[in-house]
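J.: Handing you this structure, nothing more for now.
The values are calculated or read from the model by the stated rules, or taken from the named source; none is laboratory data. Nothing here was measured: the structure is a model prediction, and the numbers come from that model. Neighbour counts are summed over all protein chains in view; Cβ atoms, including those assigned to glycine, are modelled from backbone coordinates with ideal geometry.
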Amino acid sequence: MGCGKEKILQDETYRRALQQEADYWGQEAQLAAAKGIPFSADMQRAERMQIFRGPGLPQLQSYDPDIERLMNGEWYERLFAAVNAVSRPADVLVLACGAGGLSLELARQGHRVEGIDISPKALLVAQRFADECRKREGAVDLVYRCADLNYIKLEPKRYDAIVAWDGLHHILRLYNLMKQISFALRSGGELIYSDSVGQPLLNRLIGGTIYFVLPTRVGYATKLRIAIQGLGAVQEQMSKRSPFEGAAEGNLYHLTQLRFEILEKQRHTGIGFRAAIAGDLKDGRFRYSFLKFMKRLDDCLVRYGWLRGDHLFLRARPKL
């Protein structure tokens, strides 16, 4: 990390940004939970819904469990299988757990799970759904705590698996976190994550064109305005809400390599803004069939190297 970012971490600017990050994602979790059961909080009982993300952001925040399973189900299953292969039951730490959906699912599978997030509001949602699960389904071994992953100190040799889903790219002091993870894993333990590593320009152009052409819940006038303003305008609006968004995308794999032996590395999700396309596409007779086709096309483009996946699924063990 450069000196400029390191300085930011030590002053009031950082504390304000941290609070802003926590508030934005916490409010989004609470808005979703107020409308029903979002996939981000309970994968098994999830309901379909859309959440307005605020002015200046064209994409709705969509929760459609069927579409989420179609687009990302394979990678969730790979993550679950990897944890089960390490130990069953395992002591699992979920980083940037948010509303707790991944943590809850791992606990349902019999693991002893701890979830950590920066947002107290998101953790209230996660705790609510954990309590509901205990009432409906019986005991699950699941606890949550609020902590800043930029400065966290993890107990040495505490966990069999440490997992994350789309949260590590928000970490400014990722080198420090990777060091803590390597200390906290037991012998044979694994770091397992699926995370954003940045969209190449071609991915953005293809995804942006598809999104503009298709009939979405976001009108064509809004999409045209965004296209004229450029992607930078949307990114600026997002950075005002989530100041750490994309902070570690370019360094994630490199910093993992420094402290870990890579066991599995697979790129996925090549068509840019695929989540926005899947979430915002208007209902219609062929909606699900089209998205299924797009998923197969996306997989093919990445598999044969025509597009570089902007997400990375990775399993790794600490270097000796």
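J.: Please give the helices (runs of 4 or more DSSP H) falling wholly within region 126-236 in which 1 or more residues are buried (at least 19 other Cβ atoms within 10 Å of the Cβ) and in contact with a strand residue (DSSP E or B) (Cβ under 6 Å, 6 or more places away or on another chain).
T.: 174-184
J.: Would you check which residues across region 100-134 are closer than 18 Å to residue 28 by Cα and of a type in the set (D, E, K, R) and list them?
T.: Hits for region 100-134 are 117, 121, 128.
J.: Can you run down the residue pairs with Cβ atoms below 7 Å, 6 or more apart or on separate chains, where the first is in region 77-98 and more than 15 Å from residue 165 (Cβ to Cβ) and the partner is hydrophobic (A, V, I, L, M, F, W, C) and crowded, with 21+ Cβ neighbours inside 10 Å?
T.: Correct list of pairs: 86/161; 90/83; 90/161.
J.: Further question on the same structure: Sort out which residues of region 256-291 are part of a loop (DSSP other than H, G, I, E, B) and either touching a residue at least 12 places away in the same chain (Cβ under 8 Å) or surrounded by 15 or more Cβ atoms within 10 Å (Cβ to Cβ) (or both), and write them in order of number.
T.: 269, 270, 271, 272, 273, 282, 284
J.: Please determine whether any residue of region 298-313 is under 15 Å from residue 67 (Cα atoms), out of contact with any Leu (no Cβ under 6 Å at 6 or more places or on another chain), at pLDDT 95 or above and not in a loop (DSSP other than H, G, I, E, B).
T.: yes
Every residue, every condition in (1) outside any loop (DSSP other than H, G, I, E, B); (2) of a type in the set (D, E, K, R); (3) modelled with pLDDT of 90 or more, yes or no:
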residue	(1), (2), (3)
7	yes, yes, no
14	yes, no, yes
23	yes, yes, yes
27	yes, no, yes
41	no, no, yes
45	no, yes, yes
62	yes, no, no
68	yes, yes, yes
78	yes, yes, yes
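J.: Considering each residue of region 32-47, count those that are buried (at least 17 other Cβ atoms within 10 Å of the Cβ) and either more than 21 Å from residue 94 (Cβ to Cβ) or β-branched (Val, Ile, Thr) (or both), and give that number.
T.: 1
J.: In region 97-117, what count of residues is obtained for those that are surrounded by fewer than 24 Cβ atoms within 10 Å (Cβ to Cβ), part of a loop (DSSP other than H, G, I, E, B) and either within 19 Å of the chain's Cα centre (by Cα) or of a type in the set (Gly, Ala, Ser) (or both)?
T.: Counting residues in region 97-117 that are surrounded by fewer than 24 Cβ atoms within 10 Å (Cβ to Cβ), part of a loop (DSSP other than H, G, I, E, B) and either within 19 Å of the chain's Cα centre (by Cα) or of a type in the set (Gly, Ala, Ser) (or both) gives 1.
J.: I'd like to check something: does region 85-99 contain any residue that is in contact with a Lys or Arg (Cβ under 7 Å, 6 or more places away or on another chain), within 28 Å of residue 298 (Cα to Cα) and not aromatic (Phe, Trp, Tyr)?
T.: Scanning region 85-99, I find no residue that is in contact with a Lys or Arg (Cβ under 7 Å, 6 or more places away or on another chain), within 28 Å of residue 298 (Cα to Cα) and not aromatic (Phe, Trp, Tyr), so the answer is no.
J.: Does residue 163 satisfy being closer than 17 Å to residue 93 by Cα and hydrophobic (A, V, I, L, M, F, W, C)?
T.: Criteria met by residue 163.
J.: Another one. Could you check how many residues of region 138-156 are farther than 22 Å from residue 81 by Cα and in contact (Cβ under 8 Å) with a residue 24 or more places away in the chain?
T.: The total comes to 13.
J.: Next question. Residues of region 254-273 being farther than 15 Å from residue 297 by Cβ, among the hydrophobic types (A, V, I, L, M, F, W, C) and touching a Phe, Trp or Tyr at 6+ places or on another chain (Cβ under 7 Å), which ones?
T.: 255
J.: Which ones in region 238-281 are under 17 Å from residue 210 (Cβ atoms), of a type in the set (D, E, K, R) and in contact with a strand residue (DSSP E or B) (Cβ under 6 Å, 6 or more places away or on another chain)?
T.: The one that is under 17 Å from residue 210 (Cβ atoms), of a type in the set (D, E, K, R) and in contact with a strand residue (DSSP E or B) (Cβ under 6 Å, 6 or more places away or on another chain): 280.
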